[in-house]
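The values are calculated or read from the model by the stated rules, or taken from the named source; none is laboratory data. Keep in mind that this is a model prediction, so the values were computed, not measured. Cβ: placed from backbone, ideal geometry, glycine included. Neighbour counts: every protein chain shown.
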Amino acid sequence: MHTLKLIASKSFTSMLYEQGSWGARRLGMTESSMDLFQVDGDDTRLEIEWDIPAAMDCEHIGLTVETHEGRRTLVDFDGVMDLPAQAVDMLEAQGIVVDDEFKE
């Protein structure tokens, strides 16, 4: 079991698509919220809990961050096919560098 420390929260309205191996389906403009957590006091492991009430879903995005030359940098993520722009904004607001390869 993980201990999570809340770092930041964000609520927003955006166009939402449901994606799967079968393709994508447009859900329309949807309100949702994201909470960014640090996992177990380990600054290399973060998690975003993305609550999407209209889809009756909550996605968990695992994030791996490493420090390079004094800068915290996102090096990997899992749980979703693409990292949402709002997640990128949350990370960058915390001073975490997100390279273009992770941006939609």
> If G95 passes every condition in (1) of a type outside the set (D, E, K, R); (2) under 16 Å from the mean Cα position of the chain (by Cα); (3) assigned to a strand (DSSP E or B); (4) modelled with pLDDT of 90 or more but one, which one does it miss?
Replying inline: (3)
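Starting from residues that are among the β-branched types (V, I, T) and under 15 Å from K5 (Cβ atoms), keep the ones in the range 21-67 and report whichever is surrounded by the most Cβ atoms within 10 Å (Cβ to Cβ).
In the first step, residues of the range 21-67 are kept if they are among the β-branched types (V, I, T); the result is 30, 39, 44, 48, 52, 61, 64-65, 67.
Narrowing further to those that are under 15 Å from K5 (Cβ atoms): 39, 44, 48, 65.
Working: V39: 16, T44: 13, I48: 25, V65: 21.
The extreme case among them is I48.
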> Taking only pairs six or more apart or across chains, which ones have beta-carbon atoms under 6 Å, a first residue in the range 6-24 that is free of Cβ contacts under 8 Å to residues at least 24 places away in the same chain, and a second residue that is surrounded by 11 or more Cβ atoms within 10 Å (Cβ to Cβ) and in a strand (DSSP E or B)?
Replying inline: S11/S33; T13/E31; A24/Y17
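With M90, M81, M15 as the choices, which residue is assigned to a strand (DSSP E or B), at negative phi and not basic (K, R)?
Working: M90 fails: assigned to a strand (DSSP E or B); M81 fails: assigned to a strand (DSSP E or B).
None of the others qualify; the one that does is M15.
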>> I need a count of the residues in the range 74-89 that are in contact (Cβ under 8 Å) with a residue 24 or more places away in the chain and crowded, with 16+ Cβ neighbours inside 10 Å.
In response: 5
